[in-house]
Each structure stands twice: as structure tokens, then as C-alpha cells.
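Data first, discussion second: the structure below is written as C-alpha cells.
Values quoted throughout were computed directly from the atomic coordinates according to the rules given, and no laboratory measurement underlies them. Everything quoted here is computed from the prediction, not taken from an experiment. Here the Cβ is made from the backbone with ideal geometry for all residues, glycine too, and neighbour counts use every protein chain on show.
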Amino acid sequence: MILSKSNFFLMADTNLKGLTLAGLEQFIVSIGEPKYRAAQIYQWLYKYRVTSFDGMTNLSVALRQKLSETAYIEQFSVATSQTSKADGTVKFLYELSDGKKIETVLIPPRVTAVDAEERMTLCVSTQIGCALDCTFCATASMGFIRNLTTGEILNQFLTAQTFSEKPITNIVFMGMGEPMLNYDNVMSAIDIITDQNGIGLSSRRITLSTAGYANHIRKMADEDRKIKLALSLHSLRDDVRTALMPLTKKFKVEDLLAALEYYNKKTKKSVMLEYIVFEGVNDTDQDVQLLIKAARRLDCRVNLIPFHSIDITNPKGYSAHLHGASKEGLEQIWKKLRANDVITFIRHSAGVDIDAACGQLAVKNELEILN
Ligand code: SF4
């Protein structure tokens, strides 16, 4: 007999969700089973995505029983979700086993996109809260709470997939938190996501965005990671960028550009420069000229991003004075960059009628708990 869920939570203490093949091998040997069983369990967890040991039908009943007594498969529950009437974007607020909440966003393509039929993008979080204090970000107002485990990163995908009518084809690490500050867990999750015996997505469909850890950009290049890299740039001027992103005190703009050049050279891969355009802050002619100059140094494309208001966080000081550029303002910069042969796109805003900015749903939940 396989133990019921309530029993195995009492008795089992190893969460298998999030273990790599090597981790599963270690576990399976530790319970006195042959190592090859780990590969079978690995496939059940990630390729076939079963949620209980009962579903692992090529394992003997005795082994399933033993697994139930020694391990469990962590699941997420959805605390709440919001669906955009405008474009079908879905924001999930997941509740984790310690009661903390994180946000994940499922983003359908625009109907006009060339690959509208097949694309479905998931924006995942890597930390609960964030320590970096970017002045334009709702998540920053939560402060840093903790890193997500590899299993929690994977569960964002696995749970969202059960709600999505179409297969999720792309993952962007642009949700709550700074991925480079949870490097090992994020990379383990990516290894499982891109493994053909695991979740099986192409590494070309994974994008990791950093606020600017030049050292980790170089590390990714040295490790020859096959995923795409994006830098949240937002200004080429150290003083302006420091006001927007205090991390700039540690890694100056020149450090970042040099790290990206290194990345280009070492991996032969292009990078993305993300640029939220703030009216009167980073949209002057000087800013645009600096952006053109930086883009010419690199193999890159530039994404111009509309700003989502973070009024919900009751922003003060510098944050309170940030306003997104108008549509016309964005288009003007887009034209100038294009005229200078910089590959540039204006990123559309997903879910504008729901709490669209990163972290807003989680922050709103925290505020509701506090009030
Ligand atoms: S923008 Fe990203 S790195 Fe900056 S505070 Fe928000 S979550 Fe952290």
C-alpha cells in the first residue's frame, strides 16, 4: 500500500523536486537502492511530471512504498491569480511550504507576433523579495527574505503549465529577485529545464536578466552557458544609474560593458540591453548617444521598456519622481537608435490591467496582510 499524502508528510523528509540527477543518485543509494533507479525517478519528476509516487509505474510497489516513507514531491498551491482581460496575461501568487508567497507571470504572445501560435512565455522569480533596492521596482519594497530553492524555481514552471492551455515554450528569469545572487540554485534549475530527459526546453528559449553583477556575467561566459543573457541597464551614466540601481556603486557602467564584451567574445553570443525609459531621467540626447556608443561596442540588441507605475508601494524620495516616457517619447528614442543601426525593439507591456510591474501582486498581498 502507498502511504497517503498526510502520512508521508509526517514521515518523509527529503524533497525530491529540485534534485538533479546526481542528487537523486545520491539519495537513492542512501536508501539502499541501485543507482539506475535515480534516472527513472528523474524522468518521472521532470519529463512526465507526476506529482505522486503512485504515478511512477515502472517502479516496484515496494520501492514506491519506500519512497513514500523517505521522501516527498513538493507541490505549490496557488494563493491567488489575476488574468488580464486585455491580453490574457496571468499572474500567479504561489504559496510556498513556509507560507511565503512569490509571483510568476504567464505571458501569451501578442496576436500579431509571427510565432503567436506556438509561443507562451513564463516569467519566474528567483528570490523572495530582493536586496538590491532598485528605485523603480515594487519587489524592492519587500526587502530580501530568502533565496528560492531549485525545486521552488522549477515548481513555478510545472504548476503554471498545468493551468496553461498551450505548452510553455520560453522562460525568462526576470521576476522577483536577482538571479545571480542565487546562482547555484538557478543554474541547477536551468540544467533540469534544458535537459532532454528533464523538462526539455531548448536553452535558446531561456533568458536570464541581471541587474549588473559583472563578475557573474564573466562566470557565465567561462561556463559557456547556452542560455540568453540580458542586462537591466537603464542608464550609461554612473550617477543616474546609481540613483536608479544602487548596485552601480559596486559595478560601474564600464565594468558592465567590459563584462558584456568578454561575454560576447567568449560565447560568441549576443546580449540584450534592457532600458526602461524614464521621462527627464535617462531620455536626453546625451543618454541616447551614450546608448548608441555602448551598443556599437557590443553584439547586442536593445529593448526599450515602458515603466509600470509602482504607486502601490507608496514610493518616496527619488522613486516618487519617476515617470515613464510617453509612447511618443519611446518611439523617438527607438527611431534614433534604429537610425544608428542599433537593433532596437519597444517591448510591449503585458497585463497592463492587472498589477503589471514585477512584484506588485506579492507586495499587494503583503500589504493586505499588514493592514
Ligand atoms: S529590479 Fe530586480 S534586481 Fe532590482 S530590486 Fe527589483 S527584483 Fe531586485
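Enter the Cα centre distance for the pair segment 148-194 and segment 13-81, rounded to the nearest angstrom. Computed from Cα coordinates, the inter-centre distance equals 19 Å. Structure shown: which of Lys268/Lys336; Lys100/Lys219; Lys17/Lys268; Lys47/Lys226 lie over 24 Å apart, alpha-carbon to alpha-carbon? Lys268/Lys336; Lys100/Lys219; Lys17/Lys268, as the Cα separations exceed 24 Å there. What's the angle, to the nearest 10 degrees (0 to 90), between helix 360-370's Cα axis and the longest principal axis of the chain? Tilt of helix 360-370: around 70 degrees. Please say if segment 212-292 is rounded, prolate or oblate, where rounded means a/c under 1.5 for a ≥ b ≥ c the square roots of the C-alpha gyration tensor eigenvalues, and otherwise the choice is prolate for a/b larger than b/c and oblate otherwise? Here segment 212-292 falls in the prolate category. Restricting the calculation to Cα atoms, segment 199-350 yields a radius of gyration followed by a Dmax of 15.5, 45 Å. Could you state the number of Å between the C-alpha centres of segment 82-139 and segment 263-333? About 20 Å separates the Cα centre of segment 263-333 from the one of segment 82-139. Sorting His216, His234 from the fewest to the most surrounding beta carbons within 10 angstrom yields His216, His234. Let a ≥ b ≥ c be the square roots of the eigenvalues of the Cα gyration tensor of segment 77-370; is it rounded (a/c under 1.5), or, if not, prolate (a/b larger than b/c) or oblate? It comes out rounded by the Cα gyration axes.
Highest mobility in the GNM of the chain, judged by mean-square fluctuation with C-alpha springs under 10 Å and restricted to Gly175, Gly212, Gly200, is found for Gly200. The convex hull built on the alpha-carbon positions of segment 44-122 has an orientation-averaged projected area of 7.4 nm². Roughly what angle does helix 21-30 make with the longest principal axis of the chain, taking Cα atoms, 0 to 90 degrees, to the nearest 10? The two axes meet at around 30 degrees.
Overall, the chain carries a charge dipole of about 820 debye about its Cα centre when +1 sits on the Cβ of Lys and Arg and -1 on the Cβ of Asp and Glu, all other atoms neutral.
Lys/Arg Cβ at +1, Asp/Glu Cβ at -1, dipole of segment 77-370 taken about the Cα centre: which of Leu208, Val281, Asn340 is farthest positive-ward? Selected residue: Asn340. Percent relative contact order of the chain, based on C-alpha pairs within less than 8 angstrom and at least six residues apart? Contact order relative to length: 15 percent. Principal-axis analysis of the Cα atoms of the chain puts helix 285-297 at an angle of about 50° to the longest axis. Suppose only helical runs count, i.e. DSSP H with n ≥ 4. What mean residue ellipticity at 222 nm does that imply for the chain under -39500 (n - 2.57) per run, divided by all residues and rounded to the nearest 500 deg cm²/dmol? The helix-only estimate for the chain comes to -10000 deg cm²/dmol at 222 nm.
How long is the gain from Ala39 to Asp184 if the chain were fully straight, where each residue apart is worth 0.36 nm and the alpha carbon distance is subtracted?
Answer, rounded to one decimal: 50.1 nm.
A P(r) calculated from all alpha carbon pairs of segment 5-72, with 5 Å bins opening at zero, reads 4, 18, 32, 31, 14, 2 percent. Once you sort the root eigenvalues of the Cα gyration tensor of segment 72-168 as a ≥ b ≥ c, which label holds: rounded (a/c under 1.5), prolate (a/b larger than b/c) or oblate (the other case)? It is oblate, given that a/c is not under 1.5 and a/b is not larger than b/c. Say R0 is 25 Å: what FRET efficiency, to the nearest 0.05, do Lys293 and Ser203 get from their beta-carbon distance? According to the calculation, E is roughly 0.25.
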